[in-house]
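The values are calculated or read from the model by the stated rules, or taken from the named source; none is laboratory data. Fair warning: this is a prediction, and the values are worked out from it, not measured in the lab. Cβ placement follows ideal geometry from the backbone for every residue including glycine, while neighbour counts extend to all protein chains displayed.
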Amino acid sequence: MRSWLTRLRAEMARAPAPVDARPFILITPLGLRRRKRIVAALRNWNVRPGEIVTIPDWDRASTAIYTRKTDDASLRKALFFESLWRNVCKNLKAEQWILRQRDYRVVHGRKYELRAALGMARPGLHLFHLPDPDEIAEEARALAVFRHRPANDACAMSYPTDNFSLHGPSDSQRIAGKYL
């Protein structure tokens, strides 16, 4: 995983800033289960997502955007969350909803209100991810590089995350089973 993240970050550094660095909200696999509630909440604030981009493998995409460091602790946490996503969700599809600048500001200002209204799906696993304003460009670049990687790239190949845990061999399965 360390070498994959290092290569991904190097490719991000070489890639030009994405033309499409518009603000966005990521709807996770758990959020897609509550899509109607999310859309209704956003509509109550006159927020209408624009283009929707499918992310077929959220477990790995989330590692690409969340894991900023490649130290052992960061990698263990990333591996744990990848395993947890796999154990909790059969379908790992997520969506990137492009927002107008005005809509992003509304959602960003009411992010915690939206989380409270939707409830927590699983401890540690959110229904949506909204980048902070200073992280939009970097996360958009990470998603663009991740989406356009070749099928035979190492980041598309498997590295061992099944049953990975921070505290013992069965934690991710135990956690997933508890909340399914």
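Which of the residues that make up the stretch 12-47 are of a type in the set (Val, Ile, Thr) and either at pLDDT below 80 or touching a His at 6+ places or on another chain (Cβ under 9 Å) (or both)? Result: Val19, Ile25, Ile27, Thr28.
Would you call Arg68 surrounded by fewer than 16 Cβ atoms within 10 Å (Cβ to Cβ) and part of a loop (DSSP other than H, G, I, E, B)? Yes. Please give the number of the condition Gly50 fails out of (1) assigned to a helix (DSSP H, G or I); (2) under 22 Å from Arg115 (Cα atoms). Only one criterion in (1) assigned to a helix (DSSP H, G or I); (2) under 22 Å from Arg115 (Cα atoms) is unmet by Gly50, namely (1). Set side by side, the residues Gly124, Gly50, Gly119 differ, and just one is at pLDDT 90 or above and small (Gly, Ala, Ser), which is Gly50. Of Val39, Val106, all but one fail to be free of Cβ contacts under 8 Å to residues at least 12 places away in the same chain, surrounded by fewer than 20 Cβ atoms within 10 Å (Cβ to Cβ), part of a helix (DSSP H, G or I) and of a type in the set (Val, Ile, Thr); the exception is Val39. For the stretch 77-103, give me each residue that is more than 17 Å from Arg147 (Cα to Cα), out of contact with any helix residue (DSSP H, G or I) (no Cβ under 6 Å at 6 or more places or on another chain) and surrounded by 14 or more Cβ atoms within 10 Å (Cβ to Cβ). Lys77, Leu79, Phe80, Phe81, Leu99, Arg100, Asp103 - these are the residues of the stretch 77-103 that are more than 17 Å from Arg147 (Cα to Cα), out of contact with any helix residue (DSSP H, G or I) (no Cβ under 6 Å at 6 or more places or on another chain) and surrounded by 14 or more Cβ atoms within 10 Å (Cβ to Cβ).
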